[in-house]
Structure formats: C-alpha cells, structure tokens
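Asker: Structure incoming, see below.
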C-alpha cells in the first residue's frame, strides 16, 4: 500500500515508473533568491504500521543541491548531481536514511540549491545558463513500515521556498555568504515557513532521468596551511603546501558585517598571488559575519589552488584558523609506485594529485581557469595511467555515456569536450566552423582508446559492448575523411599539441607533421575497433576495420616512410607513434628505435614531444632496446622535462613543460595551467616498465611481470589491486645481484621475465627470484 504526501500530484502521463522518482514533480522556487534558494517540506510519519524498517530518499536537481532530513545532510556527496550532458542525462542519487528518521512524529526535508554547471558560467567564451535559466529540484522519499505499508513523500505543491545565506555563487567566480541572512532550523521540524514563497512545477522531460554510473563527488580530506606570510605588497598569503581542488572553510567571530575575502591561485609570481593564468575567473569567496560565531564553508563552488590571499580577517590569522577541503569523485586508490629516487617519487605523487583534482565528476583538463572541461584528448592519452592509480571503471563509463549521447547528436563526430559546451555556448571568434565540426585524432579517439584501456585494466567486455556503436561511428567518420591517397591529412587537427618547441601563443605549431600523427592514430583506432568487433562476435565489422587498418598502414609507408625508414618530419613524436602503434616492423622498427634514441640524445634528453608523443616516447625507447635513453629522458631536470617542474616545487603536473620559467615568472602564453594531468601519462611506464606489472590478458587474469632496472635506481616497487586481487612487484639491486619479490593473487598466473631474459611461470602466492 502506498500513500502520497497530501496535496502533491499523484499521477502524470509522462512519469517513468521504473525510476525511483516516478511519483515526483520537478519544482522551482517562485523567487530566485540570489541563485541559492532553499526548499523544504514537512510531514508526519504514518502511525499504526509499526516501526520504520527502510527509508530511501532519491533526488536530483537542475543546478547543484544538498539534501537534508531533520537538519542533517543525507549523504557525503557535494556538488550533486555533478555535470552530465543535461540535454539527455540527468542523474539521480539515492540515500538510505532509515537511521535518520525518528520512531514517530514530524520529519522535515530540506534542499539547498546552487547554480552549478547547469546555470553557472561555463567555458572560455563567457557562456552562462547554457542548459536553462531556472533551478529545479525533484525528490522522492519512500518510507517502508514493519507491516509493509509504504509512505511516499514527493516534491510538489506543498513545498515552500526561501532565501539562504548565499548571495552569489558560481563555480568559476566563487561564493559569497552573508551569515546575517542565516535561517537556523530551516531544514528541521517545526520551522515556521509561512513567510516563505511558494514553488511551481517545471516543464521537464522525465526521459532525461537516469541512474548514476560513477561515484559521487565527496570531501576527500582536509589540509592545514603550512605557512602564512606577507607578500611584498603587504598582502596576507596562505600556503597550503599542495596544489589542490576544493575550498577553504573556517569558523570565526567578528563584528556583524565584517567581510572576509579569500582569493585563490595555484602559484606565486614574484611573491604575489599569481592570478593571470585564471584569465577572467575571479576564484574569490567572500564571507560576511553575523556578529556571532560563524561557520563558513562555500560548497557551491570549487577552486584549483595552493595559495590564498586573505583580507579582512579579524585579529591574527594562524595555521589553525583555516583548513582546505579537498573534493573529488569518490575513487578507490588501487595502484602504487615508489623507487629509490625521491624526485621520481615526487613526480609520481604529482600525477596522483593531478588525477584526483581533475577527476571531479568527469575528467577535466584543469580545475582553476575558465575551462574545467572534459577535454577528450587529455583522457585519451592518460586512461591507462588513470585506470592503474584509481578504480575509474564506473567513473569513466559514466563519462563515456555522455560521449555517446553527444556523438550521436553530431553525426558521429566526437566533440573536443564532453559535455560539449563549445557546441551550445557562445561562439569563439578565433575558432572557425572547420574546427567546431572537425573529426580529430587523439581527441576524437577517446571514443575508442578510453574503453579499450578500461577493458585492458579491468577485463570487463561490457564497457566495449556499451561503447561499440560509438567506436564504430568514430572509425567510420575517420574513413570518410581520409584523402584519396589513403592518409588522414585533411581538416583541423590538434595533433602533437603543446610541443615544447612551439611558441607560447601557437600551441599547435608542432614539429610533427599533422598528417603523420593523424594517420598513425587512425591506424591504431581502426586496429582497436577491429579487435573489439572480433571480441564481440561481429565478424563482418572486424574484417571491415582490419581492411581499413591495413590500408592506413600501406598509405602511411607509401607517403610518410622512405626506403631507409625515415618518417616524415623526422622528430621524436612520429617515431614513438610508429613504433608503439605497430606501423613499423623488423628492420624498419629497429631503425625507428635507433633514430628516436638519436633524436632524444640530440635534444639533450630534454622532452621534445607534445600531447601525441609524450605518453609513448619512453615506451618506444625501452621496447626497441634503448632503455638507457628512456631513463635519461625520465631523469633529466633541465626544462623541458618531467623533473623540471619538480625542481621548481610543483605538486601537480603542469599543462606546459615551462608553465613557470626558471626565474619564477609564469609562462607568457594565455593558456597556462599548473594542474593538467595529461603529461603525467609517463606514470604508466613507471608502473609497467620500471616496476614491470602488466596485464598479459585483459583484467590481469594472466599477469606479465617484466621489471626494467636502470637509471641508477637501486630499488623500485609497485602494487595493483586487480579484479582478482592484489599483485605486487618489488626489486632491488645488491651489488651485481638483482632480487625480485612478487605476489600473485589467487586464480591467476604470472609470466616473470628477469633482466637477463629468463622467463618463469609463477602461480598464486609470494615468490622470490634472483638474477
């Protein structure tokens, strides 16, 4: 038996009865209340049915929201429902609140709303309210009693709306909280909401409602300041010691009306807050005191920052006065790496922090400036690393669902960013129509490369089956854009984006020929789609894309490789791609490896690759017998190199190799971030080559352990929680002896190859080898 909250609508022809929100209505406040309205209702628990045995509250919002029952948050999530392609997917989330309900009496449900991604500012062209101009809430509570009776409370006409203490909120610009407007008890029973405003139903397509695939965004940890000091201009600056993503919270007592202002930035420049890389983002929170003890936490925004500038603080500001709250998707850490070189360990730690900060509901490029977008190229090259460090199977599956929807509405084109706000936002006068509609290598290849990485990491064919139509559509679109010669040299391409030799204001001006890069990527994509089709039993598609791959390989050799084996544009990136994607074999592969090693040496072992080549260059060297060159490239400290930012005090991976110049000034380019995970893809080589843990079969049902000591390292170790259990590899050098300890989970076996070339098979358990 089910009862509805009296007065709320009970039937609607557009309800999705399979959804836990099937009885609820999307409602909006009658007044906007500065973009941060509060919504509430109150009801009595049903009597005569025994104890409450189960209670589930399900909700989602147009905007972001936090739900409360009897004054307490219902769950740990923040910034819910996150950001999805709202035109087609609005995710709800359910919370078990059985323990939060009293045995009898009144219950209050409250919701605090904010602009979030739905109505806030999005993108670098100044777009705002791209998805809609009204905030909304839909919620449904199901209370089950001992006798089976079910009481249902839904969003509807009995709800009321009122103001919060937030007077401004935006993800880019920050949040302003005026504690003088605080309304204690608004989300608890007995509150008098007679003076509050009403609500109205929104015209809402219920077909957009969907269950979440990935985890929620949560408060991950808190960090206290490491230092507070005065800048040359007299500003009070706070250093948290770590570039992070989140906000600052604190408690304070000050005369009513005191305004405390906090500005955020990732770096200092000449002793002052380095805000130029933020472009036009304010990244500023303001807090106005009530005269009592106020507790401030700006949960309707987030910032990428290490440093904060604080003005208006009453009295002495100490390291105990503030704490930074780190927020990210709730991802389980599964992979680790350490070695005898502290700088490499710091590099690896920076990769972890970069992923944590940018995996906030979707894989963003950066967390601080006027982007924070799901750039497809970044995750294309980083997916292998991401899937080792954290369990990202569901996280990326959720994002891929959005990619499929976006792609299906763009004639098979994978957009540059997912969700695609570039398409629905204001036009960029510097970005022509050709760019907006381009089929691109690496960026578009996310449709294929990311699901393949997830399959290799976790061994679940479901991700390939779910993504199969998208994979085929992208490969088909590439085939339609090839030149008559069979290579892919048409249209706009990012290609080897951010080549370190490119001018700061021309990040696409790379040494690598764009046709070479795109054709190589097209070959890899066609090959992977063919293999996917075979795994899924689609023989016809498998053969079709095998034929496409073979044609691309022939065309690549005919137009881009001479008799000796020199690849057109003769730079590190093109050889790395040709080797790793299997475009060169036999003697040509040997030549490519040798030529790559020569080019790396000619560059002084400084990095000379951009987005396309960097994830593959150490692999291409070590796989062709040039391990020493790979290690020298890894260990180089002069700019550009992986360790140069470490020498400059970096705590995350930078967007540019020289985001900060040796003199402490910020790169003059307009596009400079100090938290971009893509170039941290080298961690995949640390895990799988240096420590040597690789999947011999998808999901590590068979394991390959092939450690490659070198570079002066005396020990290295790594572990990974696979679907079958934890595998670990730990090696050390003792004089001329190499010692390797491995642990193999139950139900699997490992092929262990020692540095001398001997290969043995190891079953479940712990094993020790010496060479």
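Every number in this text was worked out from the coordinates using simple rules, so none of it is lab data. Bear in mind that the values here come from a model prediction, so they are computed numbers and not experimental data. Please note: Cβ atoms are built from the backbone with ideal geometry, for glycine as well, and neighbour counts cover all protein chains shown.
Asker: Among 497, 731, what is the fewest-to-most ranking by other Cβ atoms within 10 Å?
Answerer: 497, 731
Asker: Can you give the FRET efficiency to the nearest 0.05 for residue 564 and residue 663, using r as the Cβ-Cβ distance and R₀ = 35 Å?
Answerer: Efficiency at R0 = 35 Å is approximately 0.25.
Asker: In terms of the ratio Rg/(2.2 N^0.38 Å) built on C-alpha atoms, what value belongs to region 46-165?
Answerer: In units of the 2.2 N^0.38 Å rule of thumb, it is 1.21.
Asker: Extending each Cα 7 Å along its Cβ direction at residue 505 and residue 133, get the distance between those two points in nm, one decimal.
Answerer: 3.8
Asker: For q values of 0.18 Å⁻¹, compute log₁₀ I(q)/I(0) with the Debye formula on a Cα-only model of region 259-346, without solvent.
Answerer: These q points yield log10 I(q)/I(0) values of -0.99.
Asker: With no solvent and one point on each alpha carbon, what is the Debye value of log10 I(q)/I(0) for the chain at q = 0.07, 0.09 Å⁻¹?
Answerer: Calculated log10 I(q)/I(0) at the listed q: -0.54, -0.89.
Asker: Gain in length, residue 203 to residue 751, computed as 0.36 nm per residue apart minus the alpha-carbon separation, to one decimal in nm?
Answerer: Once the chain is fully extended between residue 203 and residue 751, it gains 191.3 nm.
Asker: What ranking do 219-231, 572-584, 707-719 get when scored by the average of other Cβ atoms within 10 Å per residue, highest first?
Answerer: Numbers: 219-231: 14.4, 572-584: 26.2, 707-719: 19.1.
Descending packing order for the listed peptides: 572-584, 707-719, 219-231.
Asker: Another one. Regarding region 701-771, what is the average projected area of its C-alpha convex hull, in nm²?
Answerer: Convex hull of Cα atoms, orientation-averaged projection: 4.3 nm².
Asker: Sort out for me the Cα centre separation of region 643-719 from region 583-607, rounded to whole Å.
Answerer: Region 643-719 and region 583-607 have Cα centres spaced 20 Å from each other.
Asker: Going highest first, how would you order 670-676, 376-382, 208-214 by mean Cβ packing within 10 Å?
Answerer: The peptides rank, most packed first, as 376-382, 670-676, 208-214.
Asker: Report the calculated FRET efficiency for residue 233 and residue 670 (r = Cβ-Cβ distance, R0 = 25 Å), to the nearest 0.05.
Answerer: That pair, residue 233 with residue 670, gives E of 0.55.
Asker: Estimate the FRET efficiency between residue 30 and residue 490 by the formula 1/(1 + (r/R0)^6), using the beta-carbon distance for r and 56 Å for R0, to the nearest 0.05.
Answerer: For R0 = 56 Å, the calculated efficiency reads 0.55.
Asker: Then there's this: Taking 0.36 nm per intervening residue step and subtracting the Cα-Cα distance, what contour gain separates residue 702 from residue 466 on full extension?
Answerer: 82.5 nm
Asker: To check you understand DSSP bridge types, tell me what percent of the beta bridges within the chain (both residues inside) are antiparallel, rounded to 5. Mind dumping the intermediate values first?
Answerer: Details: 126 of 138 bridges.
The answer is about 90 percent antiparallel.
Asker: How would region 483-529 be classified by its alpha-carbon gyration tensor: rounded, prolate or oblate, with rounded meaning a/c under 1.5 and the a/b versus b/c comparison settling the rest?
Answerer: The shape class here is prolate.
Asker: Could you work out how much longer the chain between residue 540 and residue 183 gets when fully extended? Use 0.36 nm per residue separation minus the Cα distance between them, nm to one decimal. Walk me through the numbers before you get to the answer.
Answerer: On the way: separation 357, 0.36 × 357 = 128.52 nm, distance 6.49 nm.
Going from the current span to full extension adds 122.0 nm.
Asker: Label points 7 Å out from Cα along the Cβ direction at residue 276 and residue 606: separation in nm?
Answerer: Result for the modelled spin labels: 2.0 nm.
Asker: Can you give the percent of C-alpha pairs in region 512-658 whose distance is more than 27 Å? Please report the intermediate quantities before stating the final value.
Answerer: Values: 3161 of 10731 pairs.
That tail contains 29 percent of the Cα-Cα pairs.
Asker: Which order do the peptides 399-407, 530-538, 763-771 take when ranked by the mean count of other beta-carbon atoms within 10 Å per residue, highest first?
Answerer: So the peptides 399-407, 530-538, 763-771, ranked by packing, come out 399-407, 530-538, 763-771.
Asker: Another question, then. So how compact is region 335-690: Cα radius of gyration and Dmax in angstrom?
Answerer: Considering region 335-690 through its Cα atoms, Rg and Dmax are 19.0, 59 Å.
Asker: Could you please state, rounded to a whole Å, how far the C-alpha centre of region 749-770 is from the C-alpha centre of region 453-515?
Answerer: 37
Asker: I've got another one for you. Report the far tail of the P(r) of region 2-214, meaning the percent of Cα-Cα pairs longer than 27 Å.
Answerer: The answer is 28 percent, as a whole percent.
Asker: Over region 572-700, what per residue volume does the convex hull of the Cα atoms give, in whole Å³? It would help to have the intermediate numbers written out before the result.
Answerer: Numbers: hull volume 15.6 nm³, N = 129.
Hull volume normalised by residue count: 121 Å³.
Asker: Hey, another quick one. Using just the helices of the chain, give the 222 nm mean residue ellipticity in deg cm²/dmol: DSSP H runs with n ≥ 4 each add -39,500 (n - 2.57), and the total is spread over all residues, rounded to 500.
Answerer: The helix contribution divided over the chain gives -7500 deg cm²/dmol.
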